[in-house]
Amino acid sequence: MRHSGSDEFNCTFNLNYDDGSVRELPFAGKNWWKWPILNWGDIRTPYHFEKYGASTNWNSTQIFQVSVSIPSRAALQSITFPQTANMPDRLHIFAVSMTPSVVPASAPTAPVLSVRSVQFSTRWENVNGQRAQAVAITLANLLPGSMATSTSASMNSKYEVDVIGEGLTTVTLGVVYRLVPGDQARFDVLVLNDNGTGNATVRVKDAQGNVVGTSEGWPIIPLRETWTADENVLATHEPPTWWNQAKYGIFIHWGVFSVPAWGPPHEYAEWYDWYLHNPANSSSETWVHHLDTYGPNIVYDDFIANFTASRWNASAWLDLFDEAGVKYFVIVTKHHDGYSLFDTKNTTHRSSAYLHPYRDFVKELMETAKAEKPNLHRGTYYSLPEWFNPYYFQYGFGVWPGGLAHNAFDASELEPYTGMLNITDYVEDLQYPHMLSLALDYGTEIMWCDIGGPNKTLEFAAEFYNNAAQNGYQVTMNDRCGAVPDFDTPEYATFASLSTRQWETSEGMDPYSYGLNTATNASEYKNGTTIIQTLVDVVSKNGNYLLDVGPTAEGEIIAPMADNLLAAGKWLKYAGECVYATDYWYQASQDPTGSFRFLTTPQTFCIVAFNKPTNGSVVVNAGGVVLPIQQGDAIRLLGPNSPAAFSDDGGLEWRMEEDGVLTIDVPEDQVDQVDYAWAFQVSYALF
């Protein structure tokens, strides 16, 4: 499907059932094109026709594939498409395919299994010193959802899955413990792939070792060992398993913009240099602030001398991140002002290594993290364009024009671009070497580009991926490098529904800014409730959450940010099992009221309540979808004093009605011990 209009498209389909009921199916889509940040479709064409072929739109065109769950408690009669005739957006649907439920003639005695997809991925895990390829498999139970409470119609014991074929050896089995009618399970089977050829067969075995299902004809694709600068090759790359499981990271916006550290509401403070010059008159609040605070004779580059990092302690930062519960960090190495925090060598000396305060901050942070926090994965943000670099002028576009800035208070004067060296070509001589250095010299695991535009990203990605593979680790790259993205990166945004493509939303602790803004009141920073509920919401829809801090020019993370991060970290210490390494629930990410989020692991199901339970119970209505909970399962509220998983205390009392509505009885003293969100973890009983 393709849609035209704004970048994000939200609409609702109506599912009409033969019992007269109607269920709304929310849908979130992406635009058919976007530049310079990419929208990356499953089908990509160099152009498309308009006006029934009368004209050609030469923008590259994206067509997306979306998989959604249709509740099957009753027979589906029809689907009503969204009404967009009077809207600026249009939704173009090229094909729809549906898998019908299998309705047995009598009461089922076993699940009806279907292997929905098998993908020989580019991900791998180290198994006994060998790289085992991850084969991603989706397994469905095709019985209708009306049978979801039936134990005989469900998988309720340990089923194992292997993959066989020429050149394949399964070394780690896929395991499924619960699969109710109408649901799907996603898991990896790890195989040694010795240049396998032909087609593979997937086998499903029950707890007694009996083969209860096979699926043949899945093309074997060997694990890629070498990457070339070919878009078709690089487009197969995926985020590594560690990134998929991490869920939560810290963004760090720190640089010369941390000196003025100011912006009006609804503007990024790190864009100070741009808004000072655009427009360079009293209609710009930043221009007025600068004139009133510093006077007309101070230019942006004068702030470099005040970027001291005098109180910066890399270990203190990393301790904070670790206690906050994040699993990776991404530091801004160069923002649009062109001032870098790493050794830029002979490309430019507009860098903290050659200008004040004469330190390589990226090196210090990376090396400290490796030594003290090896559990934290390390990433680097890099802006491809620069606002006022003269060498970017030939490539300039939009609000990244290139060319020296005119003095904001005397347009007849040009401002300096301190540290600039003579080069021939911005992309070839500065941007590309910088990106390679961050990959090869600094060992970044995440290349988090910004803006896109002209680039040598195909060449870079091949080097990036080959270097990582040769050194035994796996890396990833976002959608702002201008080509071949692994994941999407909306800003200050969440989705109304599940996105099966990998994505990561980012936003600041500040309500409007990534860089520190001293105009923001302490009470406005995200508190524990906002952090945790946003994190859980994003994860339930298959995303990661990258939360930003803006340190001071001296290198400190101010108390309102640090304290709220630590508060959220306390919750993650006792409830993180319902966040880290979880997967989205295929049937629903949330209930219709938005009060609950649902997540899964192989042996558990999580219900996270955003409203504090009252009167000793909580009632969960997933909107006609039956939760995958069956008699014998144990439910516990994750809290600072909650019993260990799979303990013999039996857990909380619970009951489920015929319509799938779940009621959990929970003592108020347990509820009162928990802050921000209430994570109820269901441990599956195995038969």
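The values are calculated or read from the model by the stated rules, or taken from the named source; none is laboratory data. Note that the structure is predicted; figures quoted are calculated from it, not measured. Because the Cβ atoms are built from the backbone with ideal geometry, glycine has one as well, and the counts that use them run over all protein chains shown. Heavy atoms of the whole protein, side chains included, go into the accessibility calculation; ligands, DNA and RNA do not. Shrake-Rupley method; radii C 1.70, N 1.55, O 1.52, S 1.80 Å.
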Whole number please: convex hull volume per residue of the Cα set in region 8-80, in Å³? 116 Å³
Can you tell me the orientation of helix 457-470 relative to the chain, as the angle in degrees between its alpha-carbon axis and the longest Cα principal axis, to the nearest 10? 60 degrees
Once you have all Cα-Cα distances for region 244-578, histogram them in 20 Å bins from zero and send the whole-percent values. 32, 60, 8, 0
Using a Förster radius of 25 Å, what is the FRET efficiency between Lys345 and Asn466 based on their Cβ-Cβ separation? Nearest 0.05, please. 0.70
Carbon and sulfur: what percent of region 585-683's accessible surface (1.4 Å probe)? 44 percent
Tell me which of Ala408, Thr457, Ser523 sits at the most positive position along the dipole axis of the chain, charges placed on C-beta atoms (Lys, Arg +1; Asp, Glu -1). Thr457
Under the Kirkwood approximation applied to all pairs of distinct alpha-carbon atoms, what is the hydrodynamic radius of region 220-344 in Å? 18.2 Å
Quick one: angle between helix 314-324 and the longest Cα principal axis of the chain, in degrees between 0 and 90, rounded to 10, please. 30 degrees
Can you tell me the dipole magnitude for the chain around its Cα centre, using point charges on the Cβ only (Lys, Arg +1; Asp, Glu -1), in Debye to the nearest 20? 1560 debye
So what is the relative contact order for region 87-181, in percent, with contacts set as C-alpha pairs under 8 Å and at least six apart? 26 percent
Dimensions of the chain along principal axes (Cα, Å, largest first)? 86, 59, 59
Could you compute Rg(Cα) / (2.2 N^0.38 Å) for region 585-683, with N its residue count? 0.99
If packing is taken as the mean number of other Cβ atoms within 10 Å per residue, what is the order of 405-415, 262-272, highest first? 262-272, 405-415
In deg cm²/dmol, rounded to 500, what helix-only [θ] at 222 nm does the chain give when every DSSP H run of at least 4 residues adds -39500 (n - 2.57) and the total is split over its residues? -4500 deg cm²/dmol
Mind checking the angle between helix 361-372 and the chain's longest principal axis? C-alpha axes, 0 to 90 degrees, to the nearest 10. 40 degrees
Cross-link list Lys363/Lys570; Lys345/Lys370; Lys334/Lys526; Lys30/Lys205; Lys34/Lys373: which exceed 32 angstrom alpha carbon to alpha carbon? Lys30/Lys205; Lys34/Lys373
Positive-end residue, region 585-683 charge dipole about Cα centroid, Cβ charges, pick of Leu638, Thr600, Pro628: Thr600
For region 264-325, the spread of Cα positions along each principal axis, largest first, Å: 44, 27, 16
Ranked packing of 137-146, 112-121, 219-228, 381-390, most packed first, by mean Cβ within 10 Å: 381-390, 137-146, 112-121, 219-228
Explain nothing, just the number: relative contact order of the chain, from Cα pairs under 8 Å at least 6 residues apart, as a whole percent. 12 percent
Extending each Cα 7 Å along its Cβ direction at Tyr358 and Ser617, get the distance between those two points in nm, one decimal. 7.2 nm
Lys/Arg Cβ at +1, Asp/Glu Cβ at -1, dipole of the chain taken about the Cα centre: which of Thr12, Leu572, Met98 is farthest positive-ward? Met98
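Between Thr368 and Lys34, what is 0.36 nm times their sequence separation minus the Cα-Cα distance? Round to one decimal in nm.
Additional length available on full extension: 116.4 nm.
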How much length is gained if the chain between Leu686 and Ala75 is pulled fully straight, taking 0.36 nm per residue apart and subtracting their Cα-Cα distance, in nm to one decimal? 216.9 nm
